[in-house]
Amino acid sequence: MREVKKPGRLIDDSIVAWALQGFGAGVRCWYDGDAVAVASPEVSKHDRLAVVGPVDDAVRLTAGVLAEVGPSYRPFGDEELIRELAERVPGLTFSAAFGWMDTQQVPDVTTTAAWLDGDAGVEDLLQQASPSSYAWPGHPGVRRWAAVTGEHGELLSVAADAWSAPEVGFLAGVATHPVARGKGLSRQVCGFVTAELVKRHGRAALMVDGTNAAAIAVYRRLGYTYRRVAAAGVRPSPASSGSAGPSASRPAYRKA
């Protein structure tokens, strides 16, 4: 495998473009044959290793990169490829399947959503409506929040611009207050953020639980297309499996 110092456009893939994150702050990239891997630290709550390419090339590349970057990195890519990697790369185990959705369209949505001046009230809303959210105020990579507000300024539905890359804006942290659900507010705020991200980056993307049919339907109506993806992880060694490391206190998240 060879490390790439100036990746440019190695491959036209939205996941790779997102993982590159502008190629700084510890992001590294390699290729082997026609496979490409990008190690991106602390992006969307994990050290991620985006992998694309033919299976045989990707197997060699993933094994080599993991030996270099360490077991905290989680291979991430198309579900079929990740399942093959989990079978063929020693030490890897399949973690979860979910969805990657992206769009280059500016959605046609009538909305009152707007960017917030800060993040006051966002954490309270997330705790009530989406406690497993990956995006939280103040977390690294979470840049700004948009909201639909009530007549007294209360937050009804929010979404974040988080972990966006130069060529791929990223939508996260979507939550609607329980009393405001069923009114199309999440479509409004997501439509607003999607339009802003596409205008700025050329593309918007998000991750979604593959079983969340309602959310997927909303995103499809906004112009997103669905891609089946998955993540894998390095199995803990017997020596470390019985000890409580730094991750022991972290909450359990459903998405990978």
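The values are calculated or read from the model by the stated rules, or taken from the named source; none is laboratory data. Computed from a predicted model, the values in this text were never measured in an experiment. Counting neighbours? That spans all protein chains shown, and the Cβs are built from the backbone with ideal geometry, glycine included. All accessible areas refer to the heavy atoms of the entire protein, side chains included, with ligands and DNA or RNA removed. Shrake-Rupley method; radii C 1.70, N 1.55, O 1.52, S 1.80 Å.
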Could you look through the stretch 1-20, keep only residues that are part of a loop (DSSP other than H, G, I, E, B) and open to solvent by 50 Å² or more (accessible area, probe 1.4 Å), and pick out the one that is modelled with the highest pLDDT?
1
Is it the case that some residue within the stretch 24-34 is at pLDDT 95 or above and under 23 Å from residue 133 (Cβ atoms)?
no
Those residues of the stretch 160-176 which are surrounded by fewer than 19 Cβ atoms within 10 Å (Cβ to Cβ) and touching a helix residue (DSSP H, G or I) at 6+ places or on another chain (Cβ under 6 Å) amount to 167
Tally of residues being in a loop (DSSP other than H, G, I, E, B) and open to solvent by 70 Å² or more (accessible area, probe 1.4 Å) across the stretch 183-240
4
Filter result for the condition that a residue is in contact (Cβ under 8 Å) with a residue 12 or more places away in the chain, more than 30 Å from residue 150 (Cα to Cα) and over 16 Å from the mean Cα position of the chain (by Cα), over 38, 27, 55:
55
Unique match (being surrounded by fewer than 21 Cβ atoms within 10 Å (Cβ to Cβ), assigned to a loop (DSSP other than H, G, I, E, B) and among the hydrophobic types (A, V, I, L, M, F, W, C)) among 23, 94:
23
When residue 247 is run through (1) open to solvent by 60 Å² or more (accessible area, probe 1.4 Å); (2) in a helix (DSSP H, G or I); (3) modelled with pLDDT of 95 or more, the failure sits at (3)
Taking residue 120 as meeting all but one of (1) in contact (Cβ under 8 Å) with a residue 12 or more places away in the chain; (2) part of a loop (DSSP other than H, G, I, E, B); (3) more than 15 Å from residue 174 (Cβ to Cβ), write down the number of the exception.
(1)
Restricting the search to the stretch 60-86, which residues are among the acidic types (Asp, Glu) and within 19 Å of residue 33 (Cβ to Cβ)?
68, 78, 80, 84
